[in-house]
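Here the structure is laid out as structure tokens; the discussion comes afterwards.
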Amino acid sequence: MRVSTRGDYACRALLSLALHGATSTPTSVRDIAERTGLPQPYLEQILLALKGAGLVRSKRGVGGGYVLARQPADITLAQVVAAVDGPIVAGDFGEPHENGACDHEGQCVLLAVWADVGATIREHLQSFTLAEMVERARGNAAPPTGGQRRAALEGALESLVSSRT
């Protein structure tokens, strides 16, 4: 699974709102774009998708902009990525067949593995909230790339593979 540029930008935009306490005072798209270095026209499209998913609210007119629709602790990276990229899956291969109704040799075994990999990635992204990302961005917590979560993900993937063989 690969997080798209759109998914990355959406996470960066919402993290910017969370870092600046934007749950009540709207922040303009221009300000978000300047703070994050993201292109404003593309950011506008992304924010509309996030609004449609209920992750942000908008206010029009003077002093308008975007605010988080929920507290940062209630928004996960999985929700943000899914809002702009669609369901988090390892591939678009379909669902495993049931009751031995596999059409092609080995297909069902691999379909089950891809479904499990997608679920593991989804669960991993669900374990990160915007509130936690705010703490990490402020240097109050270890970066998300290392440590226990990575080891847990690797362990889950390893056990997944060994349980299927």
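The values are calculated or read from the model by the stated rules, or taken from the named source; none is laboratory data. What you see is a predicted model, and the numbers here were worked out from it, not measured in a lab. Here the Cβ positions follow ideal geometry from the backbone for every residue, glycine too, while neighbour counts run over all protein chains shown.
Within the range 1-48, the only residue that satisfies the criterion of being among the hydroxyl-bearing types (Ser, Thr, Tyr), within 20 Å of Gly63 (Cβ to Cβ), buried (at least 16 other Cβ atoms within 10 Å of the Cβ) and out of contact with any Lys or Arg (no Cβ under 8 Å at 6 or more places or on another chain) is Thr27. Checked against (1) at pLDDT 80 or above; (2) within 21 Å of the chain's Cα centre (by Cα), Val113 passes all but a single condition, namely (2). Picking from residues in the range 49-76 that are surrounded by fewer than 13 Cβ atoms within 10 Å (Cβ to Cβ) and aliphatic (A, V, I, L, M), the one that is farthest from Gln126 (Cα to Cα) is Val62. Close contacts from the range 59-83, counting a first residue that is over 24 Å from Arg30 (Cβ atoms) and a second that is among the charged types (D, E, K, R), with Cβ to Cβ under 6 Å and a gap of 6+ residues or different chains, come to Ala78/Arg122. Among the residues of this structure, Gly63 does not count as one that is assigned to a loop (DSSP other than H, G, I, E, B), at pLDDT 90 or above and under 26 Å from Gln40 (Cβ atoms).
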